[in-house]
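The values are calculated or read from the model by the stated rules, or taken from the named source; none is laboratory data. As the structure is a prediction and not an experimental result, all values here were calculated from the model. Cβ placement follows ideal geometry from the backbone for every residue including glycine, while neighbour counts extend to all protein chains displayed. For accessibility, only protein heavy atoms count, side chains too; no ligands or nucleic acids. Shrake-Rupley method; radii C 1.70, N 1.55, O 1.52, S 1.80 Å.
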Amino acid sequence: MISLDAHNGSILWSKGLPKMVRFNVPRDCSNWCCDAEALYVAVEDVCLKLDGATGKELAQFKAPEYAGNSMYWGFVSRHDDLLIGSSSASSAPFTGYWGKEFWYDAKDGEHAKKVASDILFAVDSENGSEKWRYTEALVIN
């Protein structure tokens, strides 16, 4: 990840996050967002809160468990003082990327399936305390 100055394009900071990958975004969702102060980046089962100006890690928010299972972050968003997310089984996201079949432009079949999460939730964006959780139905990322 590289942060650039919006005025002149110079590099402000960079951070290696090799597990931050997200493939087939049209059928899954983005795994990062930002607000005026910070960048929130989903990396498997945690969402990192990074200082927008320096890239320094400010916090880590663990994806909530579901039915006793560890989960991966899916959707990531900010609203007021909340960090809103979804979480799915670690096997749900697309992981293939090498080869022409992984261009993910299929209209049907395995590569056209949508990724769904088991939980939609919100945590306090400062301390990570859970504010609410929805588990009544699958949520399409």
Task: Solvent exposure of the chain as accessible area per residue, Å², 1.4 Å probe - done: 60 Å²
Open item on the list: When only alpha-carbon atoms are used, what values of Rg and Dmax, in angstrom, describe the chain?
Closed with: 15.9, 49
Open item on the list: Sorting check: for 62-68, 131-137, 84-90, which peptide has the highest mean count of neighbouring beta carbons within 10 Å, and how do the rest follow?
Closed with: 84-90, 62-68, 131-137
Task: By accessible area with a 1.4 Å probe, ligands and nucleic acids excluded, highest first: order of T95, T54 - done: T95, T54
Task: Relative contact order (%) - the chain, alpha-carbon pairs under 8 angstrom, separation at least six - done: 19 percent
TODO: Report the accessible area of H79, computed with a 1.4 Å probe over the heavy atoms of all protein chains in place, in Å² rounded to the nearest 10.
DONE: 100 Å²
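Find the Cα radius of gyration of segment 32-81, compare it with 2.2 N^0.38 Å by division, and give the number to two decimals.
Here the Cα radius of gyration is 1.19 times the empirical estimate.
Could you sort Y40, Y72 by their accessible area in this structure, using a 1.4 Å probe and putting the largest first? Let's see the in-between values first.
Values: Y40 0, Y72 65 Å².
Largest to smallest exposure gives the sequence Y72, Y40.
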- [ ] Run a plain Debye calculation on segment 1-74 (Cα atoms as equal point scatterers, no solvent) and give log10 I(q)/I(0) at q = 0.26 Å⁻¹, rounded to two decimals, same order as the q list.
- [x] -1.25
TODO: Go through V46, V25 and list them by solvent-accessible area, largest first, probe radius 1.4 Å.
DONE: V25, V46
Task: Net dipole in debye of the chain [+1 Lys, Arg Cβ; -1 Asp, Glu Cβ; about Cα centre; nearest 20] - done: 380 debye
TODO: Using only the Cα atoms, work out Rg/Rh for segment 60-141, with Rh taken as the Kirkwood radius, to two decimals.
DONE: 1.05
